[in-house]
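Have a look at the structure below, then the notes.
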Amino acid sequence: LLADTTRRRRRKAIIIQRQDFGAFLERFDLIPFPQPPTPPAKLPLQGLTFAIKDIFDVKGYVTGFGNPDWRRTHEPSDKMALVLTALLQNGAKCVGKTVMDELAFGITGENKHYGTPINPKVQSNIPGGSSSGSAVAVAAEFVDFALGTDTIGCIRLPASFCGILGFRPSHQAVSTIGLIPNSQSLDTIEFALPSSRFPLLLLISSNVDFKGWFARDPSVLCRVGHVLLKVKAVEPKRERRLVFADDLFQLSKVTKQKTVYVVSNAIEKLSGYQPPQHINFSQYVASNVPSLKAFGQNSSNLQYGISALKALSSVMVSLQSYEFKTNHEEWVKNVKPRLGPEISHRVLAAINTKYENVKVLYKVGTEMRAALQSLLKDDGILVIPTIVDPPPKLNSMKDYSTEFHDRACAVLSIASMSGGCQACVPLGNDAGCPVSVSFVSCHGADKFLLDAVLDMYASLQDQVSIAFKSALLPDVNGNMDASQW
């Protein structure tokens with residue numbers, strides 16, 4: 001009987017996966033909350049549907065954290081995540097939970113237990129993670145928007161790989177009540193610390209487990225942002241200043257005609273933008289984040305800025321691992337969960353490492369936030385490639401996962417370690433894979449950045465059409481080969 005039940009469940013799971021690209025873990029309907037008989041105005045999210053990553057609490061459902069052993073050892077939630085409540089109150093309808101990387105500890109989107117959601121834009125390649133199912137649900141047009149979380153790029157990377165919009169808000173800009181933590185920095189408000197060794201440091205940390213959301217339509221991206229961020233409806237309009245990180249675009253395997261030139265040409269057609277600026281961002285980081293020197297990096301080896309970026313990303317990964325251990329070491333040791341090979345390696349490394357001089361890790365975050373604020377002030381937007389490599393093929397990560405992971409984290413660490421906000425915007429395709437750029441603003445400038453994306457979007461897409469119709473697009477990036485990493 002047990003074997004027969006298991007077979008039926010597997011057949012049902014395969015059928016469901018084919019129907020929804022494997023994006024959903026479970027389906028349900030949470031309808032918008034009842035409204036007064038005569039509401040003063042139309043609700044901002046009325047008529048929109050959304051899905052949520054399996055990391056948010058839904059009353060009456062087990063929050064599975066992407067792993068069946070976690071689901072087995074936890075009870076159904078008796079509360080609703082505050083962001084979910086806010087969306088329902090504002091007229092949106094939730095239609096289910098989505099697949100994610102186990103314990104939010106991966107960036108590929110591959111899950112050995114529930115299957116890997118199928119990337120609708122390039123089905124032979126990974127969707128990116130850890131918010132893979134949420135990105136796929138939006139890209140495949142099953143929902144209008146979806147919620148995820150971003151630890152070391154878990155919103156931005158799948159948004160780029162699936163060719164959709166993604167937004168990572170500033171640190172502590174959105175409530176984290178009703179969310180399973182991956183990285184301890186989000187515990188500064190809602191969760192008690194198990195140890196008093198670093199209480200003050202956590203109050204100023206800038207790392208990395210924040211909510212974020214996906215959309216196809218920039219107006220939907222903004223409307224969701226305005227609800228979750230609780231921003232003022234109207235702010236004084238100010239000019240925008242775009243700062244291009246030229247050295248980061250040198251890392252990218254996509255030609256600048258399809259990224260830098262598209263953005264530059266787009267803002268020429270718009271009013272309210274200052275002439276663009278250009279910077280070697282990695283050298284700027286090396287000069288303005290002095291605590292990175294503690295990680296063996298120095299300014300004499302910064303021809304392409306690799307050293308500073310690698311140091312920054314290593315700090316990010318160390319912080320995530322330390323805070324994951326603080327949160328979940330007891331559960332991992334007691335339950336001994338079944339994990340996929342890549343996730344198992346990272347979890348065990350995090351749990352078994354003795355973290356020394358953690359104070360320096362947090363100091364890097366503080367300095368990085370100040371450096372970005374000094375560069376961008378209240379009118380600047382940093383323009384960077386969201387990711388420098390195309391999405392790898394499915395089941396290929398074992399062959400080059402370290403190189404891919406390091407190159408990805410180099411650019412993803414900027415917003416993560418500064419606590420700033422970042423918007424990922426799709427710019428068509430290159431060699432059959434989605435292309436995107438990202439716009440980064442300093443901490444607290446979320447509405448400024450969302451409004452800028454909405455303002456630029458149509459012009460960007462016009463320039464994408466022009467760029468992709470060009471017959472000859474020579475590679476002028478000066479791209480680096482893997483040996484230089």
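The values are calculated or read from the model by the stated rules, or taken from the named source; none is laboratory data. No experiment lies behind these values; they were computed from the predicted model shown. A quick note on method: Cβ atoms are made from the backbone with ideal geometry, for glycine too, and the neighbour counts reach across all protein chains shown. For accessibility, only protein heavy atoms count, side chains too; no ligands or nucleic acids. Shrake-Rupley method; radii C 1.70, N 1.55, O 1.52, S 1.80 Å.
At a glance:
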| read-out | value |
| --- | --- |
| Enumeration of residues in segment 347-376 that are farther than 14 Å from Met417 by Cβ and open to solvent by less than 10 Å² (accessible area, probe 1.4 Å) | Val347, Ala350, Ile351, Val358, Leu376 |
| Matching option when the condition is in contact with a Gly (Cβ under 7 Å, 6 or more places away or on another chain) and either over 22 Å from Ser170 (Cα atoms) or modelled with pLDDT under 95 (or both), among Glu356, Glu342, Glu330 | Glu342 |
| First in segment 436-460 and more than 28 Å from Thr366 (Cβ to Cβ), second anywhere and open to solvent by 10 Å² or more (accessible area, probe 1.4 Å) and not aromatic (Phe, Trp, Tyr), Cβ under 6 Å, 6 or more apart | Ser436/Pro426; Leu454/Pro218; Tyr457/Pro218; Ser459/Lys269; Ser459/Leu270 |
| Whichever residue in segment 153-175 is open to solvent by less than 10 Å² (accessible area, probe 1.4 Å) and assigned to a loop (DSSP other than H, G, I, E, B) and, among such residues, is nearest to Cys409 (Cα to Cα) | Gly153 |
| Residues (surrounded by fewer than 24 Cβ atoms within 10 Å (Cβ to Cβ), out of contact with any Phe, Trp or Tyr (no Cβ under 8 Å at 6 or more places or on another chain) and in contact (Cβ under 8 Å) with a residue 12 or more places away in the chain) located in segment 123-141 | Ser124, Glu141 |
| Check on Asp455, within 19 Å of the chain's Cα centre (by Cα), among the charged types (D, E, K, R) and surrounded by fewer than 24 Cβ atoms within 10 Å (Cβ to Cβ) | no |
| The listed residue being buried (at least 24 other Cβ atoms within 10 Å of the Cβ) and either within 18 Å of the chain's Cα centre (by Cα) or at pLDDT below 95 (or both), out of Leu412, Leu394 | Leu412 |
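Residue-wise test of (1) modelled with pLDDT under 95; (2) of a type in the set (Ser, Thr, Tyr); (3) open to solvent by 10 Å² or more (accessible area, probe 1.4 Å); (4) not in a helix (DSSP H, G or I).
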{"residue": "Gly47", "(1), (2), (3), (4)": "no, no, yes, yes"}
{"residue": "Val58", "(1), (2), (3), (4)": "no, no, no, yes"}
{"residue": "Gly66", "(1), (2), (3), (4)": "no, no, no, yes"}
{"residue": "Arg71", "(1), (2), (3), (4)": "no, no, yes, no"}
{"residue": "Ser77", "(1), (2), (3), (4)": "no, yes, yes, yes"}
{"residue": "Gly96", "(1), (2), (3), (4)": "no, no, no, yes"}
